[in-house]
1. What's the total number of residues in the range 20-53 that are out of contact with any strand residue (DSSP E or B) (no Cβ under 7 Å at 6 or more places or on another chain) and modelled with pLDDT of 95 or more?
2. Of Met1, Met51, which residue is part of a loop (DSSP other than H, G, I, E, B) and touching a Gly at 6+ places or on another chain (Cβ under 9 Å)?
3. Mind checking which pairs have a first residue in the range 8-21 that is among the basic types (Lys, Arg) and a second that is part of a helix (DSSP H, G or I), Cβ under 9 Å, 6 or more apart or different chains?
4. Mind counting the residues in the range 127-176 that are touching a helix residue (DSSP H, G or I) at 6+ places or on another chain (Cβ under 9 Å), modelled with pLDDT of 90 or more and of a type in the set (Ser, Thr, Tyr)?
5. Pairs only if they're at least six apart or on different chains, beta carbon under 8 angstrom, first in the range 167-187 and more than 19 Å from Glu54 (Cα to Cα), second of a type in the set (Gly, Ala, Ser); list them, first residue then second.
6. Read through the list (1) modelled with pLDDT under 95; (2) under 21 Å from Ala158 (Cα atoms); (3) surrounded by 21 or more Cβ atoms within 10 Å (Cβ to Cβ), then give the number of the only condition that Asp80 fails.
7. Determine whether the range 9-28 contains at least one residue that is touching a Pro at 6+ places or on another chain (Cβ under 9 Å), surrounded by 14 or more Cβ atoms within 10 Å (Cβ to Cβ) and either of a type outside the set (Asp, Glu) or in a helix (DSSP H, G or I) (or both).
Amino acid sequence: MNKPELRKFMRARLAALSPEDIQQKSQRITTHLFASDWWQQAEIVFAFCSMPGEVETRDLIQAALDQGKQVGLPRITGADLIFHHLTQIDQEFVQHSYGILEPAESWPVLNPCHLAGQRLLIITPGLAYSRQKYRLGRGKGFYDRFFANLNACSGVNAFRLGLCFSEQLLDNIPVRPYDLPVDAVITEQETLL
């Protein structure tokens with residue numbers, strides 16, 4: 001399957017999950033995440049507001065705030081992601097045309113290139129992940145560009161983590177030269193390092 005066909009297949013697979021399945025699997029994934037060294041050592045967590053069918057992220061965002069971690073959430077600006085600093089879970093969000101909840105433009109920017117020396121955990125969405133830790137996004141390349149820009153930053157200590165349901169973990173996905181793997185993937189059943 002090529003990437004567009006695989007995206008269509010994965011959207012259908014995720015649509016078959018019940019809200020109860022999503023909630024239960026998300027809780028197990030979050031439990032595994034909280035037990036990880038990456039979570040415990042992270043000073044700053046870059047996360048995302050989950051869309052229907054994705055691992056629910058509200059609890060992990062709240063936990064990061066409760067534990068005194070800084071939290072960054074993405075806003076789509078043109079072809080790029082700009083991360084903004086979240087200070088409380090009930091800050092005002094706006095809905096992007098893609099249906100994604102994102103920070104208001106007025107929130108302070110949290111630029112990872114200015115965070116050298118701090119331990120960053122970047123929690124990354126995806127429609128699918130391979131066992132080689134490559135991700136299949138939604139096709140717009142936002143995270144591919146973000147990771148490429150992050151790699152150009154000097155002294156940034158960032159751990160890239162994919163969260164997905166076991167249904168989203170595939171043996172292989174199509175990979176292009178600019179695709180970058182994440183450092184680990186957590187499902188409700190296993191952790192890939």
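1. Here is the first cut: in the range 20-53, the ones out of contact with any strand residue (DSSP E or B) (no Cβ under 7 Å at 6 or more places or on another chain) are 20-28, 30-31, 34-37, 40, 50-53.
From what is left, the residues that are modelled with pLDDT of 95 or more are 20-28, 30-31, 34-37, 40.
Going through the range 20-53 one residue at a time, the tally reaches 16.
2. Details: Met1 fails: touching a Gly at 6+ places or on another chain (Cβ under 9 Å).
The conditions single out Met51.
3. Arg13/Glu167; Arg13/Gln168
4. So the answer is 2.
5. These pairs meet every condition: Asp171/Ser130; Asn172/Ser130; Val175/Ser130; Tyr178/Ala148; Leu180/Ala148.
6. For Asp80, the exception is condition (3).
7. Yes, the conditions are met somewhere in the range 9-28.
The values are calculated or read from the model by the stated rules, or taken from the named source; none is laboratory data. Since the model is a prediction, treat every value here as computed from it, not as a measurement. No Cβ is skipped: glycine too gets one built from the backbone with ideal geometry, and neighbour counts run over all protein chains shown.
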